[in-house]
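Structure first, commentary second.
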Number of protein chains: 2
Amino acid sequence: MSNLTLEDIARQAGVSRSTVSRVLNDHPNVREEVRRRVLEVIRQTGYHPNAAARTLASQRSLMLGLVLPRSVSSFFSDPYFPRLTQGIAQACNHYNYTLALFLVSSAEDETKIYPRISRRGLLDGVLLQSGQIGDQLMDRLLASNIPLVVIGRPFNPEGVSYVDVDNVNAAYNAVSHLVRLGYQRIATIAGPNNSTVSIDRKEGYTRALLERGRKIDPSLIVEGDFTEAGGYYAMQALLPIRPDAVFAASDAMALGAMRAIREAGLRIPEDIAVVGFDDLPFAATAMPPLTTVRQPIAPLGFKAVEVLLDLIENGVQPPRRIIMDTELIVRDSCGALKRRSP
Amino acid sequence: MSNLTLEDIARQAGVSRSTVSRVLNDHPNVREEVRRRVLEVIRQTGYHPNAAARTLASQRSLMLGLVLPRSVSSFFSDPYFPRLTQGIAQACNHYNYTLALFLVSSAEDETKIYPRISRRGLLDGVLLQSGQIGDQLMDRLLASNIPLVVIGRPFNPEGVSYVDVDNVNAAYNAVSHLVRLGYQRIATIAGPNNSTVSIDRKEGYTRALLERGRKIDPSLIVEGDFTEAGGYYAMQALLPIRPDAVFAASDAMALGAMRAIREAGLRIPEDIAVVGFDDLPFAATAMPPLTTVRQPIAPLGFKAVEVLLDLIENGVQPPRRIIMDTELIVRDSCGALKRRSP
DNA sequence: GGACTTTTTGGAAGCGCTCCCAACCAATTT
DNA sequence: AAATTGGTTGGGAGCGCTTCCAAAAAGTCC
């Protein structure tokens, strides 16, 4: 590894440190011949400028942080996060930023990580996956004054920039689809009540029913935890109430629900139709293939980075809001292909 | 955000910059009373030392890089990577390091990312997920002289430190289990030939058969790509050859194989037994529950960090090697519960 | 109580870069 | 020929920390 400095390059190229710096930063006012000479020396020596020195002098680290709070402990089981991370990483590559990952997995982590995040000279901005309602992390980050973009609508969104998918509309469309297909007793397996995602999707479910003049039957609403097992148990609780369709707030829960339905000796979609949310890879190959809502997860992450860079460049006021659209993917589990069309 | 410096803290505490620095770095030679006074000022002001300045002065960034090469594009679909990342992140938190994530998703990324990785003053060390054979990334990283730990045995392991699970033994145990259960025509759906993982698992398969005096029938070995779809097509290719058991080199492929078997109207395990590899969450709830090899993915990541810190502290020579054990999880898909025991 | 050792402290010199400012130079204008 | 302009270059002052070194303070021993 070379321990070359700007000074060394300057000497070898017969120019001053400043000139080399200008070449490195694509400053316009450098004679073409000099620029070439300097670049040639850099190429030959394999010189790379020291990141820390650059950050210290320029007060920009070209580094963004992605914080996944403890409450999203499903990081390793839910494909949502890898997808999101991928979108974010792609954007970072594209804009020449480096991505630092902060995975909070314990209360201890949180106290150790927070100072690292808010330490100056490390991050130019932070992306935060919104977690449970009541999570303190967002407020602390906000207080530290570092540019912040939250992924997923925070419970208390005043003054904060965020990106999100339109969960209300997505759920509304999915449930409207079931209504149009003629189902009478449409249940939902909602997510845990302490997240805005769950609230929004439940809101969409409610709105779709009310708008068609249906009554809301609270016994048709059960709560899962976004996991396969959660969906399984939720569906077992639902079976005695005899729904003829169920909207699950995640594909994993839909899968669990389907398992419970099959185990009860019922058919999908003939006895109970199922609609999920996410469009994970296995949705297409499930038995039967799952009708579900596709959300643009990676694009959401990409967009979050763009918004963050905007905040860094142009200031955090006013807060930016981006809501992305979803798409209903109709397959077999909703019975659309077997029943009357709308 | 405070723009305080060491100097400010020093003034307020009535000591010199050096003393504050010593307090910050847990240097022993500071009078207890002075230490308390300084800490109190730090607490009151909410001061955090500037990371870039620290790195520049101390020549250590307390930051590690995790590089996932392009060839592991399955980052978002295969739960292996989230799990691994989680183990790595936990170790980083534990040892007070920050983790930088480099997700290479295109050839362009690779040329842009490489200079960022090898830039001095950014990373103290690098973790590299070993990818395809022929990947140039490892050699470039090795040449840059930065401490490096590869995750998964590299094809050319001379002089490089790596951690891996014992894939040969794992596959050997899984296939031996099938042999003991009395299966006669044991097939394997291997991974792509250009990775050491696939080679090792195939090696374990071969060894288990040969050791029991079986012949290796090349037509019973087909290649998948570690995905569900790949397993599905591989199994379709295998069906005419009438295996009575199949060892898939990943759970995803095992799942695809099961789908193909069911579609052909055959039963699992009565007609064809299936064993997977990974023990992903869905393995336990598959129909029937999947017998598979559990690998300690998160611990592997954790260990990789520990090895890397060892290299950073004590030099990269000699190269370190860590091979971790796996565990065969027996469920229903292998027929162990229905057939004679070993 | 003085000579010695040990602990504690402050000052100063970097770490390798950016960026401002002044100096320089060549080309153009008067 | 002198003055003006605008592009190009080098020097110097930081950025905020660590760390070495020497000085000061505190302890120890006879």
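The values are calculated or read from the model by the stated rules, or taken from the named source; none is laboratory data. The structure displayed is predicted, hence computed values, not measured ones. Because the Cβ atoms are built from the backbone with ideal geometry, glycine has one as well, and the counts that use them run over all protein chains shown. Protein only, heavy atoms only, side chains kept; ligands, DNA and RNA dropped before computing areas. Shrake-Rupley method; radii C 1.70, N 1.55, O 1.52, S 1.80 Å.
With respect to the conditions (1) within 16 Å of DNA strand D (Cβ to nearest atom); (2) without any contact (Cβ under 8 Å) to a residue 12 or more places away in the chain; (3) at the interface with chain B (Cβ under 7 Å from one of its Cβ atoms); (4) among the polar types (S, T, N, Q), A:Thr55 falls short on a single one, namely (2). Is there a residue being on the phi < 0 side of the Ramachandran plot, open to solvent by 60 Å² or more (accessible area, probe 1.4 Å), within 14 Å of chain A (Cβ to nearest Cβ) and within 13 Å of DNA strand C (Cβ to nearest atom) anywhere in segment B:26-46? Yes: one or more hits. Just one of (1) within 22 Å of A:Pro82 (Cα to Cα); (2) within 16 Å of DNA strand D (Cβ to nearest atom) fails for B:Leu66. It is (2). Filtered by the rule that a residue be of a type in the set (A, V, I, L, M) and in a helix (DSSP H, G or I), segment A:144-189 gives A:Val168, A:Ala170, A:Ala171, A:Ala174, A:Val175, A:Leu178, A:Val179.
The set of residues from segment B:285-311 being part of a helix (DSSP H, G or I), open to solvent by 40 Å² or more (accessible area, probe 1.4 Å) and within 24 Å of B:Val168 (Cβ to Cβ) comprises B:Pro299, B:Phe302, B:Lys303, B:Glu306.
Within segment A:112-130, the set of residues being open to solvent by 20 Å² or more (accessible area, probe 1.4 Å), assigned to a helix (DSSP H, G or I) and more than 8 Å from chain B (Cβ to nearest Cβ) comprises just one member, A:Tyr114. For B:Ala283, the criteria (1) in contact (Cβ under 8 Å) with a residue 60 or more places away in the chain; (2) within 14 Å of chain A (Cβ to nearest Cβ) hold in every case but one, which is (1). Determine whether segment B:101-111 contains at least one residue that is within 19 Å of the chain's Cα centre (by Cα), open to solvent by 30 Å² or more (accessible area, probe 1.4 Å) and facing chain A (nearest Cβ under 8 Å). Among the residues of segment B:101-111, at least one is within 19 Å of the chain's Cα centre (by Cα), open to solvent by 30 Å² or more (accessible area, probe 1.4 Å) and facing chain A (nearest Cβ under 8 Å), which makes the answer yes. Taken residue by residue, segment B:62-83 has no member that is assigned to a helix (DSSP H, G or I), at the interface with chain A (Cβ under 9 Å from one of its Cβ atoms), crowded, with 22+ Cβ neighbours inside 10 Å and at pLDDT 90 or above.
For the criterion of being assigned to a helix (DSSP H, G or I), closer than 28 Å to A:Gln90 by Cα and touching a residue at least 24 places away in the same chain (Cβ under 8 Å), B:Leu141 passes. Selection of segment B:269-279 for residues being touching a residue at least 60 places away in the same chain (Cβ under 8 Å), open to solvent by 10 Å² or more (accessible area, probe 1.4 Å) and either farther than 21 Å from B:Lys202 by Cβ or part of a loop (DSSP other than H, G, I, E, B) (or both) yields only B:Glu270.
Can you find a residue that is of a type in the set (A, V, I, L, M), open to solvent by 50 Å² or more (accessible area, probe 1.4 Å) and in a helix (DSSP H, G or I) anywhere in segment B:223-237? Checked segment B:223-237: at least one residue is of a type in the set (A, V, I, L, M), open to solvent by 50 Å² or more (accessible area, probe 1.4 Å) and in a helix (DSSP H, G or I).
Output the qualifying pairs, or none if there are none: Cβ atoms under 6 angstrom, residues six or more apart or on different chains, first residue in segment A:193-210 and farther than 17 Å from A:Tyr183 by Cα, second residue charged (D, E, K, R). Here the result reads A:Thr196/A:Arg153, each pair linking segment A:193-210 to a residue that is charged (D, E, K, R). Scanning segment A:288-315 for residues that are within 12 Å of chain B (Cβ to nearest Cβ) and over 20 Å from A:Thr188 (Cα atoms) gives A:Ile297, A:Ala298, A:Gly301, A:Phe302.
Scanning segment A:155-165 for residues that are open to solvent by 20 Å² or more (accessible area, probe 1.4 Å) and either touching an Asp or Glu at 6+ places or on another chain (Cβ under 7 Å) or hydrophobic (A, V, I, L, M, F, W, C) (or both) yields a count of 1. Can you work out which of the residues in segment B:131-154 that are touching an Asp or Glu at 6+ places or on another chain (Cβ under 8 Å) and open to solvent by 20 Å² or more (accessible area, probe 1.4 Å) is farthest from A:Thr55 (Cα to Cα)? Checked segment B:131-154; the qualifying residue farthest from A:Thr55 (Cα to Cα) is B:Arg153. In the set (1) within 12 Å of DNA strand C (Cβ to nearest atom); (2) away from chain A (no Cβ under 11 Å); (3) touching a residue at least 60 places away in the same chain (Cβ under 8 Å), B:Gly14 fails one condition alone, (3).
Looking for something farther than 24 Å from A:Ala260 by Cα and either surrounded by fewer than 16 Cβ atoms within 10 Å (Cβ to Cβ) or within 14 Å of chain A (Cβ to nearest Cβ) (or both) - is there at least one such residue anywhere in segment B:258-268? Yes, segment B:258-268 contains a residue that is farther than 24 Å from A:Ala260 by Cα and either surrounded by fewer than 16 Cβ atoms within 10 Å (Cβ to Cβ) or within 14 Å of chain A (Cβ to nearest Cβ) (or both). A count restricted to segment A:239-255 and to residues that are open to solvent by less than 30 Å² (accessible area, probe 1.4 Å), modelled with pLDDT of 90 or more and in a helix (DSSP H, G or I) stands at 3.
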